[in-house]
Amino acid sequence: MRETSHFVHKYLRSSKRFPHIWCAGCGIGIFMQALIRVIDRLGYSKDAVVMVSGIGCSSRLPVYVDFNTLHATHGRALTFATGVKLANPDLKVITIMGDGDAVSIGGNHLIHAARRNVEIASFIVNNHVYGMTGGQSSPTTAYGTKTTSAPYGNLEAAFDISGLVEAAGAAFVGRTTVYHTPLMERLVEKSLTKKGFSMVEVLAQCVTYSGRWLGLNSPVEMMAWQRDNSVTVEKAQDLTPDELAGKIVIGVLADRERPSYEDEYAKLTAEKLKV
Amino acid sequence: MKKERQEERPSQVLLQGNEACVKGALLAGCRFYAGYPITPATEVTEVMAKDMPGTGGAFIQMEDEIASMGAVIGASLAGVKSMTATSGPGFSLMQEHIGYACMAEGPCVIVDVMRAGPSTGLPTQPSQGDVMQARWGTHGDHSIVVLCPSSVYEFFDLTIQAFNLSERYRTPVILLADEIVGHMREGVVLPSAKDIELENRPRPTVPPEWHIPYGDPGTGVPPMPAFGDGYRYHVTGLHHDVRGYPTTRKDEVEALMRRLFSKISNDLDRLQWFDSYYTEDAVMTVIAYGCVARAGMQAVREARAKGLKVGLVKLQVLWPFMRRTITTILDSSEKVLVPEMNVGHISREVKRVNRGNCDVLTLNKIDGTPITPGEILETLEEAYP
């Protein structure tokens with residue numbers, strides 16, 4: 001525990017008026033600590049890290065941490081991050097988004113960031129619900145689930161965030177739950193050190209809203225659900241589609257080498273400046 | 001002898017308005033451009049794509065105008081002078097982030113080459129229908145600076161000034177050109193880089209632990225470090241305290257709002273930019289801007305040839321409204337005519353500041369064709385006192 005409080009004091013902002021906005025039992029804090037641990041382990045200078053977020057519960061994360069932080073607009077974190085990275089490629093640019101944020105209002109930016117491959121380490125905290133506004137359906141809410149905007153059950157199919165980003169061409173894609181903390185840290189580290197665009201989907205519990213509708217009444221129950229419904233990528237290979245139905249496949253989903261936009265652009269600039 | 005004279009004369013180049021805008025931007029130190037194709041502003045993006053790599057700056061074509069504007073603000077926060085260009089429909093999409101740039105005080109330049117709207121409207125025909133959108137397009141109370149060129153050279157020059165003002169006040173500056181000014185070609189003599197005065201955003205002069213990111217140093221404009229400079233701070237579109245952290249405390253909200261307005265309104269004397277022609281003895285004055293000012297000039301010349309004492313005032317700053325300048329004109333003229341290619345965006349403001357001693361006449365055209373010198377002359381002759 002001593003080690004934990006050491007991290008807290010090193011990376012949380014002492015000048016910020018706490019408390020934070022997250023509910024008791026929320027999964028976002030678990031992810032935040034994993035992120036901070038990995039950044040510390042990698043030895044990044046706090047001055048060189050830029051953390052950009054959209055709007056939503058998870059997007060409040062940058063308010064609390066002592067980096068260059070940019071709390072942007074709903075769904076648009078990746079656009080701001082693209083500008084920061086291209087203006088100063090030496091900076092380590094990280095984005096924190098939620099599921100409604102990144103996949104609904106920001107869906108276009110997400111697929112184009114993955115296609116364009118600007119080096120941004122992006123994290124999508126997926127709690128399957130709009131938490132901040134009071135539990136409405138998000139694009140990752142499962143079919144049939146009741147929410148405050150689908151009181152008779154959700155009529156839409158859910159988006160597979162990782163599948164979407166992988167198909168759009170991201171250099172690295174991973175999925176974890178906040179229950180699987182060692183895996184989460186491994187994926188965060190791979191993402192931060194990856195050349196090009198990377199995305200890690202972090203499934204986190206929203207006890208206050210999605211938990212209520214799912215009939216899971218405590219963070220412990222929700223994290224037990226994460227544990228019991230997850231299978232690793234390796235194990236998933238041996239399962240039939242029927243056996244995989246309703247399961248969360250966790251691990252490294254895509255890891256490939258692609259030239260990043262800024263590297264390609266740097267080549268072009270070097271050529272032009274030589275002439 | 002003849003040869004010598006040729007060498008003395010700076011060389012004239014034939015430029016399109018949109019090209020001149022890019023030349024101005026690059027001379028002003030713009031080193032980041034994000035854009036999305038849209039008629040009649042596309043040439044700005046195309047020429048930027050061609051010329052930016054040679055400056056060492058970055059160019060990117062984004063997925064839409066919302067994204068362009070987000071990238072522009074991100075680059076600005078990373079310490080680089082940044083710009084985007086668009087037209088009506090794209091300008092509508094950018095409003096969300098123009099508000100963000102106002103609130104977070106990210107200096108940047110937005111070029112809107114106006115075409116006729118509303119909606120998709122008339123993509124290749126001119127209009128001045130975005131004057132009010134430039135002022136109030138983004139939600140919430142805010143201040144804004146809007147400049148308006150009426151010639152290719154002015155497009156070049158005002159682009160430089162747009163960067164200067166955005167850096168001086170840490171605010172988005174909108175350059176409201178129109179399809180005619182954007183697409184026409186004129187011979188212009190461009191000044192050399194050393195003759196251009198540039199302003200840069202104030203930078204902190206104190207160590208990071210003493211720097212208060214959104215404190216008022218007296219000018220209303222807080223010094224602005226770049227991301228990576230060692231001054232780690234928080235940027236948000238939420239109302240924030242002087243440290244940048246979200247707040248709902250009414251004393252902090254009020255102080256922020258007042259400062260955001262006053263940093264520009266306290267400096268109005270420096271923002272009275274206009275050209276006047278034949279106004280010394282004018283009993284009737286044409287107040288115009290953009291492409292309409294060109295027709296106004298021709299109309300005034302022809303009216304003078306007919307012996308009418310008329311003058312022209314060409315506005316270069318549209319917002320904040322040049323109340324002092326306009327009041328002076330209203331006091332010295334018996335009548336003013338405000339011809340506009342909209343239903344009366346600026347004439348409405350002129351009427352607002354008129355104290356009843358002047359007749360304010362309007363001439364509005366909203367059919368996608370330019371107002372001609374003949375139409376202005378006809379109105380002048382009919383209404384001449």
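Any read-out appearing in this document is the output of simple, stated calculations on the displayed coordinates, not a laboratory observation. These numbers were taken from a predicted model, which means no experiment stands behind them. Virtual Cβ from ideal backbone geometry, glycine too; neighbours counted across all protein chains shown.
Assorted remarks:
- 0 to 90° range, to nearest 10: angle between helix A:219-229 axis and chain A longest Cα axis: 80 degrees
- Average projection, convex hull of the Cα set of the stretch A:14-56: 4.1 square nanometres.
- 20 Å Cα-Cα threshold exceeded, pairs from A:K195/A:K235; B:K309/B:K351; B:K81/B:K194; B:K81/B:K314: A:K195/A:K235; B:K309/B:K351; B:K81/B:K314
- Computed FRET value (nearest 0.05) for B:T372 with B:L14, which takes r as the C-beta separation and R₀ as 25 Å: 0.55
- Principal axis analysis of the Cα atoms in chain B yields extents of 69, 57, 45 Å, listed in decreasing size.
- Sorted by Cβ density within 10 Å, fewest first, the residues B:T219, A:T176, B:T325, B:T205: B:T205, B:T219, B:T325, A:T176
- Kirkwood radius, the stretch B:1-142, all distinct C-alpha pairs, inverse of mean reciprocal distance: 16.0 Å.
- Taken as Cα centroids, the stretch B:117-158 and the stretch B:53-113 sit 15 Å apart, rounded to the nearest whole angstrom.
- If you wrap the Cα atoms of the stretch B:138-283 in a convex hull and average its projected area over all directions, you get 13.2 nm².
- Sorting the segments B:104-111, A:248-255, A:76-83 by their residues' average number of neighbouring beta-carbon atoms within 10 angstrom, most packed first, yields A:76-83, B:104-111, A:248-255.
- Radius 15 Å from Cβ of B:A116, net charge of other residues (Lys, Arg +1; Asp, Glu -1): -4
- Applying a length cut-off of 20 Å (Cα extent along the axis) and a mean Kyte-Doolittle floor of -0.5 to the DSSP H helices of chain B leaves B:88-104, B:152-169, B:250-265, B:291-305.
- Value of [θ]222 nm, deg cm²/dmol, for chain A, DSSP H segments ≥ 4, -39500 (n - 2.57) each, nearest 500: -10500 deg cm²/dmol
- One way to sum up the overall shape of chain A is the equivalent ellipsoid from its Cα gyration tensor, whose semi-axes run 30, 22, 18 Å, largest first.
- Mean shadow area of the protein assembly as shown, taken as a quarter of the surface of its Cα convex hull (nm²): 34.6 nm²
- Per-residue mean of C-beta atoms belonging to partner chains within 10 Å, peptide B:55-65: 5
- Sorting A:149-161, A:38-50 by their mean Cβ neighbour count within 10 Å, with the most densely packed peptide first, gives A:38-50, A:149-161.
- Amide hydrogen proximity for B:V145: with H placed 1.01 Å from N in the peptide plane, the residues at 5 or more positions away or on another chain lying under 5 Å are B:I174.
- Residues whose amide H lies under 5 Å from that of A:T232, counting only those 5 or more places away or on a different chain, are A:I250; hydrogens are built 1.01 Å from N in the peptide plane.
- Going from the fewest other Cβ atoms within 10 Å to the most, the residues A:L164, B:L315, A:L244 appear in the order A:L244, A:L164, B:L315.
- Computed from Cα positions, the angle between helix A:107-116 and the longest principal axis of chain A comes to roughly 40 degrees.
- Angle in degrees between helix A:77-87 and the longest Cα principal axis of chain A, rounded to the nearest 10: 10 degrees
- Partner chain coverage, peptide A:39-52 - average Cβ within 10 angstrom: 2
- Label point 7 Å beyond Cα of B:I196 along Cβ direction - residues of the stretch B:77-93 with amide nitrogen under 16 Å: B:81-84
- Residue by residue along A:85-95, Cβ atoms of other protein chains within 10 Å of the local Cβ number 5 on average.
- Residues with amide H under 5 Å from that of A:C206, placed H, sequence gap 5 or more: A:G211
- Packing order of peptides B:43-55, B:270-282, A:227-239, highest average first: B:43-55, B:270-282, A:227-239 (average count of other Cβ atoms within 10 Å over each peptide's residues).
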